[in-house]
Amino acid sequence: MKNHTKIVVIGSGAVGSTFAYTVLLKGLANELVIIDKNRDKAEGDALDLNHGLLLAQPMKIYAGDYSDCKDADIIVITAGAAQKPGETRLDLLQRNVSIYHQILSEVTKFNQDAIFLIATNPVDILTYISIKLTNIPKERIIGSGTLLDSARFRYLISEKIKIDPRSIHGMIIGEHGDTELAAWSLLNIAGINQVKADTTSRCYLSPEDKEEIYQQTKNAAYQIIEKKGSTYYAIALSLARICEAILHDQKSILPVSTYLENYKGIRDVCLGIPSIVGKNGVEEILDLPLTSEEEEKLLHSAQQLGNFIRQIQLPNFSPAS
C-alpha cells in the first residue's frame, strides 16, 4: 500500500455522500475529495465529515474541482440522473451518457493514471462508454457490477436457511439489472454444493425457493426505490469494498463490471464477472465453469446490453493526450 492514498468521488448525491462517509469510517484513504456541480452540497458534506474526524480516522477531506483529480489513486463516479420509481436502469441510458461525456472530458485533463470506478446506472453500459471515450486501459475502468446483487443474493439465501451470509458462497453475474442471472450451479454453503445438497439438508433450496430468491434479488432496487426513493447504503459499502481491494492490492475476487473481449463467445460489452482485483484494477477475469443453461442466460444478458450499446450515439470526444 502507498504511503499516501487519495480517493476522489464525483457526485455528492445519496450514493456519493454515503460512500464518502463509508470511506471515513473505514479509514480507506489519507485524502478524500468531493466534487459536485452543486458546490455548496459538496462543501457541506466535507464540513460534516470533517466534524467527525476526531471520532473516526485521520484524513484530509475537502470539496474540490476537477483539477483536484490530479494524483488520485481512485476516481469514483456516482454522478448521474436519478432513477425514478418504475424506471428501469436501461431507461436512464441516454441521459447519463451525456453526463459522463462532460465528466470524463474534464477529469482526463488532469488524471489518466487512476483506477476509475463507475457506479452510475446503467453501470455496465456506462463502464463500457467510459472505456470507449478515453485512452485509459480497460483494466483500469471498473464498474460496481453485480457485487451488490451478489450481496443481496447471499443475504436472501441466509434469510431462507437461517445461516450467516458470510458462510454462503454464491454470486449473481451478467448485467446489473433485469437480465442478471444467478449462478446456482456454483452456489455452496461451507463446501456443500447446492446441486448435490440432499433434500433433507438445511442447506437445500427447492426450485420454488430459488425462483423466489432470484426474483427478490433482481427486483430489490425497485422495492427500495418505491419505499424510500433511492438505494445508497449497500452500494456505498460495495464501492468501498472494491476500493479496499485496489488500495491494499488484495487480489480479491469480486464480480465487477469489466470489459469482455472473448469470454464464452461474448465480445465488446462490460458485464459483472468474478475478477481478480488489485492495485492495477482488473488483473484477471475468471473462466467460470457454468452449466450450458447458465451460459445461454449470460449470452442473452450480453446480447441485450449489446443491442442498447449499438443504439448509442457516442458524443465527439478527444481525450487528453
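Every number here is computed from the coordinates shown, using simple stated rules; none is lab data. It should be emphasised that the depicted structure is a prediction, and the values quoted were computed from it without experimental measurement. Cβ: placed from backbone, ideal geometry, glycine included. Neighbour counts: every protein chain shown.
The angle between the Cα long axis of helix 123-133 and the main principal axis of the chain comes to about 50°, on a 0 to 90 degree scale.
In terms of packing, defined here as the mean over residues of other Cβ atoms within 10 angstrom, the peptides 269-278, 21-30 line up highest first as 269-278, 21-30. Dipole orientation for the chain: of the candidates PRO85, TYR100, ILE10, ILE10 has the Cα lying most toward the positive pole (charges on Cβ; Lys, Arg +1; Asp, Glu -1).
Within the listed set ILE74, ILE35, ILE224, the residue fluctuating most in the Gaussian network model of the chain (springs between alpha-carbon atoms under 10 angstrom) is ILE224. Within the chain, DSSP assigns beta bridges of which about 50% are antiparallel (rounded to the nearest 5). Note on HIS300 and SER206: with the Förster distance fixed at 30 Å, the Cβ-Cβ geometry gives a FRET efficiency of about 0.75. Compactness of the chain, taken as the C-alpha radius of gyration over 2.2 N^0.38 Å, stands at 0.98.
Using the average count of surrounding beta-carbon atoms within 10 Å as a protection proxy, the listed peptides 142-155, 122-135 rank, highest first, as 142-155, 122-135. Largest mean-square fluctuation among GLN311, GLN57, GLN216, in a Gaussian network model of the chain whose springs join Cα atoms under 10 Å apart, belongs to GLN311. Let me check against my output: what whole-number percent is the relative contact order of the range 1-142, with C-alpha pairs under 8 Å and at least 6 apart? 23 percent. For the chain, averaging the sequence separation of C-alpha pairs within contact (under 8 Å, six or more residues apart) and dividing by the residue count gives a relative contact order of 19 percent. Normalising the average separation of contacting C-alpha pairs (under 8 angstrom, six or more residues apart) by the number of residues puts the relative contact order of the range 146-310 at 23 percent.
Please state the shape class of the range 146-310: rounded when a/c is under 1.5, otherwise prolate if a/b exceeds b/c and oblate if not, all from the C-alpha gyration tensor. Rounded, since a/c falls under 1.5.
Highest-first packing order for the peptide set 195-202, 243-250, 11-18 is 11-18, 243-250, 195-202, based on the mean count of other beta carbon atoms within 10 Å.
Distance distribution P(r), the range 6-143, all Cα-Cα pairs, bin width 10 angstrom from 0: 13, 44, 33, 10, 0 percent.
Against the main long axis of the alpha-carbon atoms of the chain, helix 207-218 sits at an angle near 10°. Our coupling estimate for the range 149-156, obtained by passing each phi through the Karplus curve with A = 6.51, B = -1.76, C = 1.60 and θ = phi - 60°, is 4, 5, 5, 5, 4, 5, 4, 5 Hz, Gly and Pro reported as x.
Calculated mean residue ellipticity at 222 nm for the chain: -12000 deg cm²/dmol, from DSSP H runs with n ≥ 4 weighted as -39500 (n - 2.57), summed, divided by the residue count and rounded to 500. For the chain, the longest principal axis of the Cα atoms and the long axis of helix 39-50 meet at an angle of about 70 degrees.
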